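Asks: Mind having a look at this structure? Questions to follow.
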Amino acid sequence: MSDASILFVDHTAAMGGAQHSLLDIAEANRRRCAVALFEDGPFAGALEGRGVAVLPLDGGATLRTVKKASIVPGIRPIAATIRLARVLARVARPFDLLYANSPKSFVVAALAGRLARKPVVWHLRDILGQGHFSRANVRMVVALANWCAVRVVANSRATADAFVAAGGRAPLVTVVHNGIDAAPFDALGPGTRAAVRAELGIPRDVFLVGCFSRLHPWKGQTVLLDAVARMPGVHALVVGGALFSGEAPYEAELRSRAQLPGFAGRIHMLGARDDVPRLLAACDVVVHASVLAEPFGRVLVEAMLARRPVVATAAGGVPEVVSDGETGVLVPPGDARALGEALDALRRDPARVAALARRGAAHARMRFSRETMLAGVHRVILEVAS
């Protein structure tokens, strides 16, 4: 992809949306890159499975104690960050540039870049502020970006705008939307829907709504359950797990609620799965119910590629992916009644469902392909390397 040698950096080895995106980017650069990870986990195995070198750097456990909402990180995390930066600076010497994939990894990479005199790119995949980060964290990471980053790659215009609104320098920012490989969805056969429903014990004729996301309060799974509770006969497929520390109680709460008699077995919680394309194909509609502004929403593109209509909350980068009434339906965040009404309208109008699915699939292939994303990142790397 580029002649520049790149050291990608990520603080976690859990498989979230950011890691799926970096997996494609790193694979495209695998001959001249490595990925430094602050912990071991599934992401390391996925990278190695794609032929990407992984450099494990110990320190993730301490950094996990620092949350997005933290105001003062504490002495131990600060000391761990400095130590990691020194180690990363030594590891970075053979590489032309550092490319950070998360706010935590950017803080470490920014300091390491200064020590090693290497340019640093930050792939920003979070909306700074708006309930996601404390003001202290936003001020700190934006100031560091203005000082140390040579480029900030934002995964949506909404992400870019939030960075600039928080004081980030606009000339640093390049928007590169996430891209999804269509091949796994093209491989789905016509019998996938029936086969998956049979495996899960879901009747073929019920209206099935899918929700695919890590389990966290801001992702809005409770809003979906509130909507489905008002829709007798409708089933919900909830796919995803608690990826990070502190999320397990929320998962337990969801599972407990799904067992309430009022749902009568209509909520199917599958946990984290690696067969998402098949599961998407089993749904009639896919819901993206985030209650806070979503930076992008990879599952929206995945659902479109699976030829499934989407209902999503109109906040953050979602309107850049979904055109209301054309490629999907947008509803206000946190509004279970509006979500239920949108789902019920689709349930009663199969022709509209088919039209949304058809237009969504064409839109996803044209605007959010893997190749388009890689080309955008490639241009940034060439500019930085030159």
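Asks: Whether any residue in the range 206-226 is closer than 25 Å to VAL322 by Cα, among the charged types (D, E, K, R) and in contact with an Asp or Glu (Cβ under 9 Å, 6 or more places away or on another chain) is what I want to check.
Replies: Yes; the residues of the range 206-226 include at least one that is closer than 25 Å to VAL322 by Cα, among the charged types (D, E, K, R) and in contact with an Asp or Glu (Cβ under 9 Å, 6 or more places away or on another chain).
Asks: Restricting attention to helices (runs of 4 or more DSSP H) lying wholly within the range 247-331, give those where 1 or more residues are under 15 Å from the mean Cα position of the chain (by Cα), within 22 Å of GLY129 (Cα to Cα) and aliphatic (A, V, I, L, M).
Replies: 318-321
Each row is one residue, and each column tells you yes or no for (1) free of Cβ contacts under 8 Å to residues at least 24 places away in the same chain; (2) in the same structural domain as GLY262 (by TED's automatic domain parsing); (3) over 22 Å from the mean Cα position of the chain (by Cα).
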{"site": "CYS148", "(1), (2), (3)": "no, no, yes"}
{"site": "ALA198", "(1), (2), (3)": "yes, yes, yes"}
{"site": "VAL209", "(1), (2), (3)": "no, yes, no"}
{"site": "LEU215", "(1), (2), (3)": "no, yes, no"}
{"site": "GLN221", "(1), (2), (3)": "no, yes, no"}
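Asks: Please count how many residues of the range 279-309 are among the charged types (D, E, K, R), buried (at least 20 other Cβ atoms within 10 Å of the Cβ) and closer than 21 Å to GLU199 by Cβ.
Replies: So the count comes out to 3.
Asks: Please pick out the residue among ALA342, ALA375, ALA351 that is out of contact with any Gly (no Cβ under 8 Å at 6 or more places or on another chain), closer than 21 Å to ALA18 by Cα and free of Cβ contacts under 8 Å to residues at least 60 places away in the same chain.
Replies: ALA375
Asks: If you don't mind, there's one more thing I want to ask. Restricting attention to the range 194-218, and to residues there that are modelled with pLDDT of 95 or more and within 23 Å of GLY297 (Cβ to Cβ), which single residue is surrounded by the fewest Cβ atoms within 10 Å (Cβ to Cβ)?
Replies: Ranking the qualifying residues of the range 194-218, first place goes to PHE207.
Asks: Confirm whether SER102 is touching a His at 6+ places or on another chain (Cβ under 9 Å), modelled with pLDDT of 95 or more and either of a type outside the set (A, V, I, L, M, F, W, C) or over 15 Å from PHE38 (Cα atoms) (or both).
Replies: Considered against the rule, which asks whether it is touching a His at 6+ places or on another chain (Cβ under 9 Å), modelled with pLDDT of 95 or more and either of a type outside the set (A, V, I, L, M, F, W, C) or over 15 Å from PHE38 (Cα atoms) (or both), SER102 comes out as no.
Asks: Yes or no: the range 241-248 includes at least one residue that is free of Cβ contacts under 8 Å to residues at least 12 places away in the same chain and either surrounded by fewer than 17 Cβ atoms within 10 Å (Cβ to Cβ) or touching a strand residue (DSSP E or B) at 6+ places or on another chain (Cβ under 8 Å) (or both).
Replies: yes
Asks: Right, something else. From the list ALA314, ALA306, pick out the single residue that is of a type in the set (A, V, I, L, M), at pLDDT 95 or above, in contact with a Phe, Trp or Tyr (Cβ under 7 Å, 6 or more places away or on another chain) and not assigned by TED's automatic domain parsing to the domain that holds GLY17.
Replies: ALA306
The values are calculated or read from the model by the stated rules, or taken from the named source; none is laboratory data. Remember, predicted model here, so these are calculated numbers, not experimental data. So basically every Cβ, Gly included, is an ideal-geometry build from the backbone, and we count neighbours across all protein chains shown.
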